[in-house]
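Taking it in order: structure first as structure tokens, then the write-up.
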Amino acid sequence: MASGVGGGLEVSGEIFELKAELNSDKKEKKKEAVKKVIASMTVGKDVSALFPDVVNCMQTDNLELKKLVYLYLMNYAKSQPDMAIMAVNTFVKDCEDPNPLIRALAVRTMGCIRVDKITEYLCEPLRKCLKDEDPYVRKTAAVCVAKLHDINAQLVEDQGFLDTLKDLISDSNPMVVANAVAALSEIAESHPSSNLLDLNPQSINKLLTALNECTEWGQIFILDCLANYTPKDDREAQRLSHANSAVVLSAVKVLMKFMEMLSKDLDYYGTLLKKLAPPLVTLLSAEPELQYVALRNINLIVQKRPEILKHEMKVFFVKYNDPIYVKLEKLDIMIRLASQANIAQVLAELKEYATEVDVDFVRKAVRAIGRCAIKVEQSAERCVSTLLDLIQTKVNYVVQEAIVVIKDIFRKYPNKYESVIATLCENLDSLDEPEARAAMIWIVGEYAERIDNADELLESFLEGFHDESTQVQLQLLTAIVKLFLKKPTETQELVQQVLSLATQFHGLLITPNKDSDNPDLRDRGYIYWRLLSTDPVAAKEVVLAEKPLISEETDLIEPTLLDELICYIGTLASVYHKPPSAFVEGGRGVVHKSLPPRTASSESTESPETAPAGVPSSEQPDVIPAQGDLLGDLLNLDLGPPVSGPPLATSSVQMGAVDLLGGGLDSLIGGPNFVTPPAAAVPANLGAPMGSGLSDLFDLTSGVGTLSGSYVAPKAVWLPAMKAKGLEISGTFTRQVGSISMDLQLTNKALQVMTDFAIQFNRNSFGLAPAAPLQVHAPLSPNQTVEISLPLNTVGSVMKMEPLNNLQVAVKNNIDVFYFSTLYPLHILFVEDGKMDRQMFLATWKDIPNENEAQFQIRDCPLNTEAVSSRLQSSNIFTVAKRNVEGQDMLYQSLKLTNGIWVLAELRIQPGNPSFTLSLKCRAPEVSQHVYQAYETILKN
């Protein structure tokens, strides 16, 4: 205890001494005291008690002392805001000091003091510094605006600092321009909706002029700003692409973006390609860490435009002293650049790598030889020959990797290289890795008719069946079933043995084996058993079906994700090969970027992440959860077919347990129950289509659209391609002559064909459900778009959602099941018989308690009373009565929702005033907010 007290006294004594020195008349002593204070602060001691004494030292001409005091001030101003106000006068005075360094120091410190009370006092000094004659002060003041905006955005806007910042883009000093751009970019990032960096050809020219003269960091700020600009035409893009490429990756990002705007036929396009290669190659002479970052970025660039580096293969050859992470990355790029022209060179190099001492690198090199065979057909024979040479080395891990890649070569070129099977079988005993054993088993099963002792080979694997990994067990099961279908008489006992081993449950053994209890293995065993016992012909068609050829590049990044990553070249996203949203948490929302559409392209010009113009922000599906969030609620997802009975009388539905072994699970894996509603679930009025018979069931808009003037929102992206393995879903909701439909646009942005579409809705507040299956009549090819109108009814299961109009949707295709969530506009639920009798209206209005009344303002609506009434009636909001009170038009209106809830409204319109007052009364007051939003949407669109 004594030592503790002593320690406290020691600190108090030290502070007392420092206080005396800070108030000394000698300048040197005062400076030394401040240095001691800063030293104590740096090691974590609390010296906040000296705040007033240190602030008094600000009144000095000594620049070094002033810097130290300002450093102290920045650290403690937040904990001592009342004391910090004492320093305001000195700031104001220092901002007018003849020495520009002191003026800049004052304005920099002002920006770093994050205290609300002080900010308003600092506006005037900051305004003077933004227009200071010295460029050093101006550039410091520009950054200060961004910091001040982070503390109090409204104050910065009210004081006009943003306009001053925009003016600084035209400043004569390049560093002022760079800092102004950096500040505006920072502010725009935290407020994506603000259009601060509204670039045009004139301002772009000024930025390009500044680019050549500012520092490297300034160049990066300007280049990043240029990368966010979308040229209006290819002439503009050509002019922009003359940017200085000193800061290589930032410059490459700009050029990669603007090359999208150039036609490949232009001579200038070819010139650009040649100019891009040298700076990228130069990066590979840096230290290993920088090389790795450069290689990760080059990997993206080569996937987008391999022609840039097609003549630079040699620079990616591995050096003996490269770290393993650089070697593996170079190997990956070599394969991407491999072509018929350079394959001989590449193969010779890879064969050399396969004899290295680094096991991981050797494995990757052997796999690379296989990938070259798959990518360049003319080289396949040479690649197989190289792999056989490597197998002859009898190096265990080389042999195993070679067998794995030869299996892929067999898949790519069937009936071409099977002569090597005998050599592979010789090495059967040396295989101890699951992937290699599984590959060998596949080869034996697939070519069983060509291998005389195939049954003996597979039986040798069967002896230790329960000790094998799941991967090997599954492959062995399939291979023996294939063998049985090819040689039924000789292998009947073998197939019974494997089916028995696969399906028996070992969970009750004293030493349970996890692999033998694998549900995938048991399920596959039962499926084969039933197939073989009930219909051997069908079994043959299923098990021995012709397999699709494997694609050349299975590890390519999805095109939509690649386009986004190109926009992030030179950042962490380009190293991780993931969009920022995948690893940036909280704070500011990450804005999705994508490349501009190609010139003269037949592809859609709409960005997958951008809603169509004219869609109000309130209608964006801003409640889309991550896929993981919805998966957690999968047990609550009503996977059975829509309920065909009448709507439930009450909305407080008991959740209950879902029968996972009934229709629910079948529907998820594509069973017969997946959204096949009974006939009773389809609205009666669909039975009398306006056009030609049944075809109108799938095209409800034909012949109907003109009959109803109900507002239809433009289609918005509900499920981006990045979150659905290449499937992009856009859509909107419509109500036409009593029928609700979901108008969908499905776009395939993946590299494979999509088929077997189905759709399911979760329970929701109004029982919305599909009234018919999702009909996609033909397979959806890559880059193809199809429009579908899905009829809906309101007889599904009911569960109150948050928000009330939230709809969770599951869409299935041959690739996977995808989940998304969207908000439907409530006016699609307003029914046609929603006009209430006048007397009934009056009685109901009085009967509904006053606390259920909600009042809203509808602003900026220039329509007159007649136009308002007419427009609302087209969306089933009916005017019951109209009167004029003291110059105000009063509309009394009623509407009815599909679940029978009535909503009564009083709309006050002052002629000549674009603001209306809306009063709503309803027995279910939670719908009032959504009805008001429907009013706004209908009247303003």
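Give me the residue from the stretch 838-857 that is of a type in the set (Phe, Trp, Tyr) and more than 46 Å from the chain's Cα centre (by Cα) and, out of that set, most open to solvent (accessible area, probe 1.4 Å). Break it down into steps so the answer makes sense when it comes.
Step one: filter the stretch 838-857 for residues of a type in the set (Phe, Trp, Tyr), giving 841, 845, 856.
Imposing the further condition that a residue be more than 46 Å from the chain's Cα centre (by Cα) reduces the set to 841, 845.
Working: Phe841: 15, Trp845: 54 Å².
The selected residue is Trp845.
Sub-6 Å Cβ pairs linking a first residue in the stretch 476-490 that is in contact (Cβ under 8 Å) with a residue 60 or more places away in the chain to a second residue that is outside any loop (DSSP other than H, G, I, E, B), at least 6 apart or interchain, are Val481/Tyr528; Val481/Val543; Lys482/Gly445; Lys482/Val543, ordered by first then second residue.
Within the stretch 466-476, track down each residue that is of a type outside the set (Val, Ile, Thr), in a helix (DSSP H, G or I) and surrounded by fewer than 20 Cβ atoms within 10 Å (Cβ to Cβ).
Residues of the stretch 466-476 that are of a type outside the set (Val, Ile, Thr), as a first pass: 466-469, 471, 473-476.
Of the ones still in play, those that are also in a helix (DSSP H, G or I) are 466-467, 471, 473-476.
Scanning the stretch 466-476 gives His466, Asp467, Gln471, Leu474.
Scanning the stretch 450-465 for residues that are open to solvent by 60 Å² or more (accessible area, probe 1.4 Å), of a type in the set (Asp, Glu) and assigned to a helix (DSSP H, G or I) yields Glu456, Glu459.
For the stretch 309-328, residues that are among the hydrophobic types (A, V, I, L, M, F, W, C), outside any loop (DSSP other than H, G, I, E, B) and open to solvent by 20 Å² or more (accessible area, probe 1.4 Å) total 3.
Table: residues versus (1) of a type in the set (Asp, Glu); (2) within 30 Å of Glu260 (Cα to Cα).
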site: Gln291; (1), (2): no, yes
site: Lys304; (1), (2): no, yes
site: Val326; (1), (2): no, yes
site: Ala341; (1), (2): no, yes
site: Leu347; (1), (2): no, no
site: Glu352; (1), (2): yes, no
site: Val359; (1), (2): no, no
site: Gly370; (1), (2): no, no
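Out of Lys882, Lys896, report the one residue that is without any contact (Cβ under 8 Å) to a residue 40 or more places away in the chain, out of contact with any Cys (no Cβ under 8 Å at 6 or more places or on another chain) and either surrounded by fewer than 19 Cβ atoms within 10 Å (Cβ to Cβ) or under 24 Å from Lys940 (Cβ atoms) (or both). First the steps, then the outcome.
Details: Lys896 fails: without any contact (Cβ under 8 Å) to a residue 40 or more places away in the chain.
So the residue among Lys882, Lys896 that is without any contact (Cβ under 8 Å) to a residue 40 or more places away in the chain, out of contact with any Cys (no Cβ under 8 Å at 6 or more places or on another chain) and either surrounded by fewer than 19 Cβ atoms within 10 Å (Cβ to Cβ) or under 24 Å from Lys940 (Cβ atoms) (or both) is Lys882.
Scan the stretch 126-137 for residues that are free of Cβ contacts under 8 Å to residues at least 40 places away in the same chain and open to solvent by 10 Å² or more (accessible area, probe 1.4 Å) and jot them down. Hits for the stretch 126-137 are Arg127, Lys128, Lys131, Asp132, Glu133, Asp134, Tyr136. Checked against the criterion of being outside any strand (DSSP E or B) and either touching a Gly at 6+ places or on another chain (Cβ under 7 Å) or hydroxyl-bearing (Ser, Thr, Tyr) (or both), the candidates Ala772, Ala750, Ala778 yield just one match: Ala750. Filtered by the rule that a residue be out of contact with any helix residue (DSSP H, G or I) (no Cβ under 9 Å at 6 or more places or on another chain) and open to solvent by less than 60 Å² (accessible area, probe 1.4 Å), the stretch 272-308 gives no residues.
So, in the stretch 76-106, exactly how many residues are hydroxyl-bearing (Ser, Thr, Tyr) and surrounded by fewer than 14 Cβ atoms within 10 Å (Cβ to Cβ)?
Within the stretch 76-106, residues that are hydroxyl-bearing (Ser, Thr, Tyr) and surrounded by fewer than 14 Cβ atoms within 10 Å (Cβ to Cβ) number 1.
Scoring Ser695 on the criteria (1) modelled with pLDDT under 90; (2) under 23 Å from the mean Cα position of the chain (by Cα) leaves a single failure, condition (2).
Buried (at least 21 other Cβ atoms within 10 Å of the Cβ) and under 18 Å from Ala180 (Cβ atoms): which single residue out of Val156, Val69, Val143 fits that description?
Among Val156, Val69, Val143, only Val156 is buried (at least 21 other Cβ atoms within 10 Å of the Cβ) and under 18 Å from Ala180 (Cβ atoms).
Being aliphatic (A, V, I, L, M) and modelled with pLDDT under 85 is true of Leu431.
Matching residues to (1) of a type outside the set (Lys, Arg); (2) part of a strand (DSSP E or B); (3) on the phi < 0 side of the Ramachandran plot; (4) under 19 Å from the mean Cα position of the chain (by Cα):
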| position | (1), (2), (3), (4) |
| --- | --- |
| Val717 | yes, yes, yes, yes |
| Lys725 | no, no, no, yes |
| Glu728 | yes, yes, yes, yes |
| Thr734 | yes, yes, yes, no |
| Gln760 | yes, yes, yes, no |
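Restricted to the stretch 345-373, and to residues there that are without any contact (Cβ under 8 Å) to a residue 24 or more places away in the chain and acidic (Asp, Glu), the residue that is farthest from Lys327 (Cα to Cα) is Glu352.
The values are calculated or read from the model by the stated rules, or taken from the named source; none is laboratory data. Owing to the predicted nature of the structure, the values given are computational and were not obtained by experimental measurement. We place every Cβ from the backbone using ideal geometry, glycine too, and count neighbours over all the protein chains shown. Please note that ligands, DNA and RNA were not included when accessible areas were found on the heavy atoms of the full protein model with its side chains. Shrake-Rupley method; radii C 1.70, N 1.55, O 1.52, S 1.80 Å.
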